[in-house]
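Please read the structure below before turning to the comments.
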Amino acid sequence: QVQLMESGGGLVQPGGSLRLTCAATGRIFSINSMGWFRQAPGKQREPVATLASDFTQKYADSVKGRFTISRDYAENTWILQMHDLKPEDTAVYYCNADIFPSRISNSQTYWGRGTQVTVSS
């Protein structure tokens, strides 16, 4: 069973920084792609940043230049470094990944439970 666990959320003032980490544990053969999504109150969940297996990074227009997604291959973790945070970045942030549990199985998509990020003075 694969589990994703986010950490690093919290309360930060506008202009501040936070670092979110997602750790994948369990039966993992390989991780195909990974990403971060967020959901603000009353809004739909939206993609924030994704990292594909070919190292292609994609970012929502609203976070370009401020957020960076990266991966620690040795630890099956990935990170969302957020700078110059704005009140509109306030949301629950979820990590997700497309994972192959074994060499012969198809990939499956997994989600973490989310971590709250609040940007407020």
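Determine whether the range 101-109 contains at least one residue that is hydrophobic (A, V, I, L, M, F, W, C) and at pLDDT 95 or above. Talk me through it step by step, then tell me what you get.
Quick first cut of the range 101-109, residues hydrophobic (A, V, I, L, M, F, W, C) only: 104.
Cutting the leftovers down to at pLDDT 95 or above gives us none.
Checking the range 101-109: not a single residue is hydrophobic (A, V, I, L, M, F, W, C) and at pLDDT 95 or above.
Annotation: LEU11 fulfils all but one of (1) at pLDDT below 95; (2) over 13 Å from the mean Cα position of the chain (by Cα); (3) part of a strand (DSSP E or B); the unmet one is (1). Pairing residues of the range 21-33 that are among the hydroxyl-bearing types (Ser, Thr, Tyr) with residues that are outside any strand (DSSP E or B), at Cβ distances under 6 Å and at least 6 apart in sequence or on separate chains, gives THR21/GLY8; SER33/ALA52; SER33/SER53. Across the range 102-120, the number of residues qualifying as open to solvent by less than 30 Å² (accessible area, probe 1.4 Å) and in contact with a strand residue (DSSP E or B) (Cβ under 7 Å, 6 or more places away or on another chain) comes to 5.
When the criteria are applied in full, ARG38 fails the requirement of being in contact (Cβ under 8 Å) with a residue 60 or more places away in the chain, among the charged types (D, E, K, R) and open to solvent by 40 Å² or more (accessible area, probe 1.4 Å). For the range 79-89, which residues satisfy the criterion of being open to solvent by less than 50 Å² (accessible area, probe 1.4 Å) and either more than 20 Å from ILE31 (Cβ to Cβ) or at pLDDT below 95 (or both)? Once the filter is applied, which keeps residues that are open to solvent by less than 50 Å² (accessible area, probe 1.4 Å) and either more than 20 Å from ILE31 (Cβ to Cβ) or at pLDDT below 95 (or both), the range 79-89 yields MET82, LEU85, ASP89.
Just checking, does the range 54-65 include any residue being surrounded by fewer than 17 Cβ atoms within 10 Å (Cβ to Cβ) and within 15 Å of ILE28 (Cα to Cα)? Checked against the condition, which is being surrounded by fewer than 17 Cβ atoms within 10 Å (Cβ to Cβ) and within 15 Å of ILE28 (Cα to Cα), the range 54-65 yields no hits at all.
Checking each residue in the range 66-78 for being of a type in the set (D, E, K, R) and open to solvent by less than 40 Å² (accessible area, probe 1.4 Å) picks out only ARG66.
Against the conditions (1) closer than 16 Å to PHE67 by Cβ; (2) open to solvent by less than 30 Å² (accessible area, probe 1.4 Å); (3) out of contact with any Pro (no Cβ under 9 Å at 6 or more places or on another chain), GLY15 satisfies every one except (2).
The values are calculated or read from the model by the stated rules, or taken from the named source; none is laboratory data. What you see is a predicted model; the values in this text were computed from it and never measured. Glycine gets a Cβ as well: all are built from the backbone with ideal geometry, and neighbour counts include every protein chain shown. SASA here: full protein model, heavy atoms, side chains in, ligands and nucleic acids out. Shrake-Rupley method; radii C 1.70, N 1.55, O 1.52, S 1.80 Å.
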